[in-house]
Amino acid sequence: MRTFLILFGVLLLIFLADISLGSVTIPIDAIISSLFGSEVEQDSWKRIILDFRLPRAITAVLVGSGLAVCGLQMQVLFRNPLAGPFVLGISSGASLGVALVVLAGIGLGWAAFTPWISAIAAAVGSGLVFLLVLVVASRVKDSTTLLIFGLMFGSATGAIVSVLQYFSEAEDIQIYLLWTFGSLGGVTYSDLGILAPLVIIGIGLGFGMVKSLNALLLGETYAGSLGINVKRSRLGIIVSASLLAGVITSFCGPIAFIGIAIPHLTRIILPTSDHKVVYPVTILTGAIALLICDIISQLPGSQLVLPINAVTALVGAPVVIWLVLKKGNIRRALT
């Protein structure tokens, strides 16, 4: 509980810092006044905070939490420390779903790329790839082999996207490429009305799987001996993870390394493997990490904004490398 409260306090501070910093630095007291509807020294500050930075920060919290939970679920289900929505091809499947809408257009073109249609297309794409990975996982017990299969699924979907790009108009290709860079700033309040409930539902479904996650740590045979319905648990994790990866990728593009690195950081912070504790702390850690990445991407004091994918890779890759070096064996990195 103490760790949870500390992380929650850190989350609030980083949240305020994310709203404060950017091309225009805004004092904390002006931010608090704007959030509570009071007058501020400059009207432009209030508009910047409420119309641009607040939805961006809320998006970062939702996306960071959702991807972290998605990675945690898949690492436990596959007992693979490198499992995640990006590495196992789930995000690639979501990207393919969006590409079919944007590039192929399904006969409708860019006008079809509404939040609901893109969210459904991405969720279906990620869900199908996840099911393929799960089928392979049921036959292949070696985590390294499973990882290779996941990467191959990602490569296959990437190849299909490349073919679609080759036959698409330049304008559609540009729109899709900008989407693949990843962005938290393009989500409006109306988009949050779709993104937030679906992410909360996905996280809630995962929270209902906490008992199963604890049992699956020791393998499916052990989980079955405890009375856990393994097939139902698998299905629940599939629905939760594919919903989270698909919807988040739809609105913000494919964001790498958060799903891989954050569960491991959480295990370093906590001395327990009980998911009743690990799960909520993973949510907070994911939100904090992506808020920090968002602050870095905005290059405070500059007009430039880096792609969020570049920043998460720069932060996440060293974490994964350090983890493997510390454990000395990739198979032990899940413990």
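Points worth noting:
Results for (1) over 27 Å from Met1 (Cα atoms); (2) at pLDDT below 85; (3) not in a helix (DSSP H, G or I), shown as yes or no for each residue.
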position	(1), (2), (3)
Ile268	no, yes, no
Ser273	no, yes, yes
Thr282	no, no, no
Ala289	no, no, no
Ile296	yes, no, no
Ala313	yes, no, no
Val324	yes, yes, no
Ala333	no, yes, no
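- With respect to the conditions (1) at pLDDT 80 or above; (2) part of a helix (DSSP H, G or I); (3) within 16 Å of the chain's Cα centre (by Cα), Phe153 lacks only one, and its number is (3).
- Residues in the stretch 30-59 that are of a type in the set (S, T, N, Q) and surrounded by 14 or more Cβ atoms within 10 Å (Cβ to Cβ): 3 in all.
- Screening the stretch 163-245 for helices (runs of 4 or more DSSP H) wholly inside it with 1 or more residues that are touching a Phe, Trp or Tyr at 6+ places or on another chain (Cβ under 8 Å) returns the ranges 170-180, 189-207, 210-216.
- Listed conditions (1) surrounded by fewer than 24 Cβ atoms within 10 Å (Cβ to Cβ); (2) in contact with a Gly (Cβ under 7 Å, 6 or more places away or on another chain); (3) under 19 Å from Phe15 (Cβ atoms) are all met by Val230, apart from (3).
- Breaking point among (1) surrounded by 24 or more Cβ atoms within 10 Å (Cβ to Cβ); (2) farther than 14 Å from Gly253 by Cα; (3) at pLDDT below 75; (4) aromatic (Phe, Trp, Tyr), for Phe130: (3)
- If you filter the stretch 34-55 down to residues that are outside any loop (DSSP other than H, G, I, E, B) and among the hydrophobic types (A, V, I, L, M, F, W, C), you find that the one that is nearest to Leu198 (Cα to Cα) is Leu54.
- Complete set of residues in the stretch 19-28 that are over 17 Å from Tyr189 (Cβ atoms) and either at pLDDT 90 or above or assigned to a helix (DSSP H, G or I) (or both): Ser20, Ile28
- The sole residue among Ile31, Ile58, Ile14 that is at pLDDT below 85, under 18 Å from Gln298 (Cα atoms), touching a helix residue (DSSP H, G or I) at 6+ places or on another chain (Cβ under 7 Å) and not in a loop (DSSP other than H, G, I, E, B) is Ile31.
- Some residue of the stretch 64-83 being over 30 Å from Leu218 (Cβ atoms) and assigned to a helix (DSSP H, G or I): no
The values are calculated or read from the model by the stated rules, or taken from the named source; none is laboratory data. What you see is a predicted model; the values in this text were computed from it and never measured. Ideal geometry is used to build each Cβ from the backbone, glycine not excepted, and the neighbour counts take in all protein chains shown.
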